[in-house]
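Quick notes on the structure that follows.
The values are calculated or read from the model by the stated rules, or taken from the named source; none is laboratory data. Just so it is clear, the model here is predicted, and its values are computed rather than measured. Note: ideal-geometry Cβ built from the backbone for every residue, glycine included; neighbour counts use all protein chains shown.
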There are 2 protein chains.
Amino acid sequence: MTLTSAPFNVVADGSVTSPLGFRAAGIAAGIKASGRPDLGIWASESPCIAAGTFTQNTFPAAPVVLSRERLRAQARAQAVVFNSGNANACNGERGLTDAREMTHLAAQLLSVDESLVLAASTGIIGVPLPMEVIRAGLQQVRVRPDGGHEAAQAIMTTDTRQKECAVALSVGGREVRIGGMSKGVGMIYPNMATMLAFIGTDAALEPAYAQAALKRAVDQSFNMITVDGDTSTNDSCFLLANGAAGASQLDSSSAEAAAFEAGLAAVCTDLARKMAADGEGAGKLLQVDVTGAASDDDARRAARAVVGSSLVKAALHGEDPNWGRIFAAVGYSGAQVDPNRAALWIGSVQVARDGVNTGLAKDEARAQMTSAEVNFRVDLGLGSSSATAWGCDLTEDYVVENSAYST
Amino acid sequence: MTLTSAPFNVVADGSVTSPLGFRAAGIAAGIKASGRPDLGIWASESPCIAAGTFTQNTFPAAPVVLSRERLRAQARAQAVVFNSGNANACNGERGLTDAREMTHLAAQLLSVDESLVLAASTGIIGVPLPMEVIRAGLQQVRVRPDGGHEAAQAIMTTDTRQKECAVALSVGGREVRIGGMSKGVGMIYPNMATMLAFIGTDAALEPAYAQAALKRAVDQSFNMITVDGDTSTNDSCFLLANGAAGASQLDSSSAEAAAFEAGLAAVCTDLARKMAADGEGAGKLLQVDVTGAASDDDARRAARAVVGSSLVKAALHGEDPNWGRIFAAVGYSGAQVDPNRAALWIGSVQVARDGVNTGLAKDEARAQMTSAEVNFRVDLGLGSSSATAWGCDLTEDYVVENSAYST
């Protein structure tokens, strides 16, 4: 995370256990054939105010159905039990029974009420959870105050690296922390950005405010990344706030709400960027800024269309400044456009003005595309709204990884 | 084209010059560095009733702007001048001037009114047309009654084969013909399916009926194919009807309207399938049938989402029966779904029933995916609407082709 002036500080080596009173663990239970970590628990020492956002896929996985139901019944939770290697999706009634049993076992282990335990799964769709492996595995899980990194490893699927961060800020003179972890990597698309994300804070949050603040942070971070346009069955983002820092409770009218939300957005954005950069087969992180849009919605649509375009992504992989494809993507985004007003920059090189080529030296534009992080900016010249989206290049490796996943 | 019982016959070796009174030509003018055919004219000996459907991209190419304008002014045309190798898109005022000059030169050559000449371009975006090459080239173009195949070659970009067909049917005892050609291959996505398509008929059509019939045919053919989800700046589909067969004029109340539209849909569907099968880097044609949908719109959305899913396309390439990805795509399509009612077939093998795995032997499903044409059928179990969409697999070659196109 690189941040300059902000109302918060980055916590070194941050994780979901950076905030006070959180513990976690992750183990290799044997769900994954690879023997990598695949099962874990993240828990607070005391009950939390809880919020969540979930996939809009109409085939939601069983843990999504269960967690959404529990958060609707009460905006409280104390733990999340999770596994990778199996999505527990499209498994019918058995899927729900298995998800419930996972939370029941975790609740026993933690001595908390089962209704306070949420669940998350990620991996292959349509294969029942190996419950014997999970039952045996959960007996080995011992949550610890330094278990955050372990947990972040246990939610990985095709991720090549774990995704974690934390920030600290002051609320009424008390330090509060926000720590998060997430996993990508395929099926990454808005509504909501396909992923699992867990955000914990030792701030005290009023329940409705917790949900609203999480929604705002997700909309500008996880919902602005695209890897392949596929919205998964399992997307879940949880926010748990345990108040362990001892600071006064925040709500939308609090003086410190803006600082807290800036910190929350920074954590979510950092995780989102890491997910985009680690997209399946990705070699480059693409950041697309749209400015001058007639509305916020237009800016968001246009930015997401560009990062989602297969042709733009392939050109990025080839470091080919084929700028017409960028305009073409904006042109089918649904955003209001006046072709004669649009301008485009590849990195710092302006390649189009008033909708046409500036006559740039192509080599200059290409040079802007050789780094690991590439920036495109489209100015629509119509208004003052802007948005940023993140994605990655489309590579041969994406195809190779996804041609043979289930078998 | 393979057709069994239908109110029309397939014309052997069909092309846009199969209907009476049409002529065409295509030459290698030198727009493409490869030296392949890149410039041509398709014309009728007499003025035609004309209809068109165009891209919804808000950066429409200059020939789209010009042709749309002319067809709005009058539902008549006599010729289309076209080039490949350059899209004449994002070229501002100059683009329009160049497109107009192309039609002016073609009109002179054919001795027809310039307002009756339409234009179409396809290729790289944002590079001005090489007008000197086009001026010199057009002087070499001589339309001929047997020039259809030549024209079909001259609209190709990364197409590996030309796409043409024709059918014949009877209208009041007279044989009328419908012949078409199209080009794909990247930026293939509905609204309208990204492409150039030219459909000619020697039937006589009432103008409003011509437009309505074309729209219906396009909606079930070109608008149901997806290669990469990118809607281009240049999509254009033209229908010219010259009445040269001497049959009575058709309108929506004609007894033969249904047969004519079946023939028109067959031509468009055959071209659409050929485009999907020839998608950039494609190794397989994918046909997705959705049945049992609550509405036509739901059926179309669901079918298009499945053929458009990068994960489904990659799994198809790997011949991997990863059926959960198919349900996941239906799940984010926006179609109404009851997860407990959905069923799925891969070829003739039912892999899911009531939303869950049938417990099939995976090898049987895999065997259904080894052929060059693969069929998935999703039954939503909610109603009686159905739709069919076509796409292709996602291969390493797609990435390779699109990583370095402009340079």
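The lone criterion from (1) of a type in the set (D, E, K, R); (2) within 22 Å of B:Met275 (Cβ to Cβ); (3) assigned to a loop (DSSP other than H, G, I, E, B) left unmet by B:Arg341 is number (2). Considering A:Phe54, A:Phe8, A:Phe82, the condition of being crowded, with 24+ Cβ neighbours inside 10 Å, aromatic (Phe, Trp, Tyr) and either touching a strand residue (DSSP E or B) at 6+ places or on another chain (Cβ under 8 Å) or modelled with pLDDT under 95 (or both) is satisfied by A:Phe82 alone. Here is the figure for segment A:369-400: residues that are surrounded by fewer than 19 Cβ atoms within 10 Å (Cβ to Cβ), closer than 19 Å to A:Pro321 by Cβ and out of contact with any Leu (no Cβ under 7 Å at 6 or more places or on another chain) total 3.
Among the residues of segment A:69-98, those that are within 14 Å of chain B (Cβ to nearest Cβ) and under 21 Å from the mean Cα position of the chain (by Cα) comprise A:Gly85, A:Asn86, A:Ala87, A:Asn88, A:Ala89.
When you look at A:Gly334, is it at pLDDT 90 or above, small (Gly, Ala, Ser) and on the phi > 0 side of the Ramachandran plot, yes or no? No: the conditions fail for A:Gly334. Considering only residues that are at positive phi and either assigned to a strand (DSSP E or B) or more than 14 Å from every other protein chain (Cβ to nearest Cβ) (or both), which ones fall in segment B:166-187? Listed by number, the residues that qualify are B:Gly172, B:Gly173.
Here is a check on your reading of the model: is B:Ala294 over 19 Å from B:Ala217 (Cβ atoms), surrounded by fewer than 23 Cβ atoms within 10 Å (Cβ to Cβ) and among the hydrophobic types (A, V, I, L, M, F, W, C)? Yes, satisfied. If you check A:Ile31, A:Ile41, A:Ile49 for being in contact with a helix residue (DSSP H, G or I) (Cβ under 9 Å, 6 or more places away or on another chain) and assigned to a loop (DSSP other than H, G, I, E, B), only one passes: A:Ile31. Checked against the criterion of being within 11 Å of another protein chain (Cβ to nearest Cβ), out of contact with any helix residue (DSSP H, G or I) (no Cβ under 9 Å at 6 or more places or on another chain) and surrounded by fewer than 16 Cβ atoms within 10 Å (Cβ to Cβ), the candidates A:Gly359, A:Gly334, A:Gly324 yield just one match: A:Gly359.
Has segment A:304-313 got any residue that is surrounded by 24 or more Cβ atoms within 10 Å (Cβ to Cβ), outside any helix (DSSP H, G or I) and free of Cβ contacts under 8 Å to residues at least 24 places away in the same chain? Yes, there is a match, as at least one residue in segment A:304-313 is surrounded by 24 or more Cβ atoms within 10 Å (Cβ to Cβ), outside any helix (DSSP H, G or I) and free of Cβ contacts under 8 Å to residues at least 24 places away in the same chain. Across segment B:115-137, the number of residues qualifying as within 14 Å of chain A (Cβ to nearest Cβ), outside any strand (DSSP E or B), surrounded by fewer than 24 Cβ atoms within 10 Å (Cβ to Cβ) and in contact with a Ser or Thr (Cβ under 9 Å, 6 or more places away or on another chain) comes to 1.
Say whether the condition of being aliphatic (A, V, I, L, M) and in contact (Cβ under 8 Å) with a residue 40 or more places away in the chain is met by at least one residue in segment A:350-363. No, because not a single residue in segment A:350-363 is aliphatic (A, V, I, L, M) and in contact (Cβ under 8 Å) with a residue 40 or more places away in the chain. The single condition among (1) under 26 Å from B:Gly279 (Cβ atoms); (2) more than 9 Å from chain B (Cβ to nearest Cβ); (3) in a helix (DSSP H, G or I) that A:Met369 does not satisfy is (3).
In the set (1) surrounded by 15 or more Cβ atoms within 10 Å (Cβ to Cβ); (2) in contact with a strand residue (DSSP E or B) (Cβ under 9 Å, 6 or more places away or on another chain); (3) not aliphatic (A, V, I, L, M), A:His104 fails one condition alone, (1).
Is segment A:218-239 home to any residue that is among the charged types (D, E, K, R), within 30 Å of A:Arg301 (Cβ to Cβ), at pLDDT 95 or above and not in a loop (DSSP other than H, G, I, E, B)? Scanning segment A:218-239 turns up no residue that is among the charged types (D, E, K, R), within 30 Å of A:Arg301 (Cβ to Cβ), at pLDDT 95 or above and not in a loop (DSSP other than H, G, I, E, B).
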